[in-house]
1. Name the pairs: first residue in region 189-214 and more than 18 Å from Ser412 (Cβ to Cβ), second residue surrounded by fewer than 17 Cβ atoms within 10 Å (Cβ to Cβ) and of a type outside the set (Asp, Glu), Cβ to Cβ under 6 Å, at least 6 apart or on different chains?
2. Would you confirm whether any residue within region 36-46 is out of contact with any helix residue (DSSP H, G or I) (no Cβ under 6 Å at 6 or more places or on another chain) and either open to solvent by less than 40 Å² (accessible area, probe 1.4 Å) or modelled with pLDDT of 90 or more (or both)?
3. Criterion first (under 15 Å from the mean Cα position of the chain (by Cα) and surrounded by fewer than 19 Cβ atoms within 10 Å (Cβ to Cβ)) does Gly140 satisfy it?
4. Among the numbered conditions (1) in a helix (DSSP H, G or I); (2) over 21 Å from the mean Cα position of the chain (by Cα); (3) surrounded by 13 or more Cβ atoms within 10 Å (Cβ to Cβ), tell me where Gln116 comes up short.
5. Within region 167-206, restricting attention to residues that are charged (D, E, K, R) and out of contact with any strand residue (DSSP E or B) (no Cβ under 9 Å at 6 or more places or on another chain), which residue is most open to solvent (accessible area, probe 1.4 Å)?
6. In region 143-166, what count of residues is obtained for those that are of a type in the set (S, T, N, Q), more than 27 Å from Leu33 (Cβ to Cβ) and surrounded by 17 or more Cβ atoms within 10 Å (Cβ to Cβ)?
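The values are calculated or read from the model by the stated rules, or taken from the named source; none is laboratory data. Since the structure is predicted, the reported quantities are computational estimates derived from the model, not experimental observations. Cβ placement follows ideal geometry from the backbone for every residue including glycine, while neighbour counts extend to all protein chains displayed. The accessibility values were calculated without ligands, DNA or RNA, using every heavy atom of the protein model including side chains. Shrake-Rupley method; radii C 1.70, N 1.55, O 1.52, S 1.80 Å.
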Amino acid sequence: MTAPSPPAGFRTSPAGLACGHLARHARHFGPVLPVVATVLLLCAPPGRDDARVSPADAGSALLVLWCAVRLLRTRARPLTPLAACVLAAPVAGCALATLTSADPAAGLPGFVRYAQVFVLVPAAVALLLRDHRDARLVAGAVLLTALVQGAVGVHQYATGTGASYQGRDLRAVGTFGPLDVMGMSTAVSLGLVVALAIGLAPPARAPRWVRPAALGCAALLTVPLALSFSRGAWLATAFAAAVVLVLAGRRIALRTLAVLVCAGTVLVGGLGVGTQLIGERLTSITRVTAAPDQSVTDRYAMWAAAVSMWRAEPVTGVGPKRFPAHRDSHASLALSSGSDTAGAGRGFRREPLLSPHNMYLLVLGEQGLIGLTALAGSWAALAVLALRRYRAARRQRAGDADVGLIAVGLLSWQLFDFAYADIGGPSTMLTAVLLGLAAWWALGPGRTDAR
């Protein structure tokens, strides 16, 4: 039984026209809405400390299921052979490391997590994106998430309700809480890169206000990024911003850089937003060898432990999720027992150090040379192909070159940040989504727009 059609008068009224416009957009963007929902779910609090599945993780599971059902119903062409090889390479190395480890059952959760983050979700995103409008919608969701998390983070600093930092509850962590202090800085950094790319290369036929609005968002996001006190995120954002500026063109890059530097100086320095603490944090970057703090000492000790694990098992490593079990037998005495976390609505807790905070060394220690070659080779292929396609799109003045700049910028940020961080926490879903966006741009699976 079909639903009755609305009266003719309603269809021609302003409300009817608006409803029709929304319905047409919903039909067009329907396939990609689960991707957008997965990103926006990062704005929701992760829940209890002992919760193993965050809202974003649940959204990613539904996203993969939605993609599988859609492929079965539409009988759409799956991934191209090149895309399948590039996306499946990480899980192949992880599977071998799991099978050859001393305790395969203990490594199985790690294998599932790697498959989720580096294969299933990126492949689903790449298959659900159909054209540059879908990609822009996903990028917009990343920017919106960054703005929401950034606003929460600034409020935490201003009201003294953030995570504990040097004895005071002022570290901006957004809704992620003190157990995932890198979550907000990741979301804000990626949103800043998106805003900067849009400001430098607005979409074709975009309104004139898009460029200043995007650059304004990029300037505003520097405040919560600074208040996150995350040195790794600062360095990765500076690197990705430099990549985006260089690719966008010399003249516009210089003008934009000058505007952003002035805006950042006014917002952070001129208004006195955490100037002293931020300055001390910046200075500590140059003291990592002369007079490192305990967090840097711990990181160096864990890096050395990961390398020691690789030397013990150079081909396939000690197995996924096996770093904590082997840490103490490979780490030096300089490693502390854990890190203190408190604030942002949570009580004091001492969290154990369960990873080296370096994705490349983590994979090297747990999966050996084979695992690292497969994972890094996949990402290197994505980076090269994405950059090559962006240059071709810009040379041909294609209408989707702005999407290419976003994809290359996000991928640059993630590959640099992995030198100071690894997967873990709800914000990992942002990594999975941006890898899918980069794969869609670089490899073109499911693409319906003109090449």
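1. Sorted first by the residue in region 189-214, then by its partner, the pairs are Pro202/Val210; Ala204/Gly399.
2. Yes; the residues of region 36-46 include at least one that is out of contact with any helix residue (DSSP H, G or I) (no Cβ under 6 Å at 6 or more places or on another chain) and either open to solvent by less than 40 Å² (accessible area, probe 1.4 Å) or modelled with pLDDT of 90 or more (or both).
3. yes
4. It fails just one condition, (2).
5. Looking at the filtered set, the residue picked out is Arg205.
6. Summing the residues that are of a type in the set (S, T, N, Q), more than 27 Å from Leu33 (Cβ to Cβ) and surrounded by 17 or more Cβ atoms within 10 Å (Cβ to Cβ) in region 143-166 gives 2.
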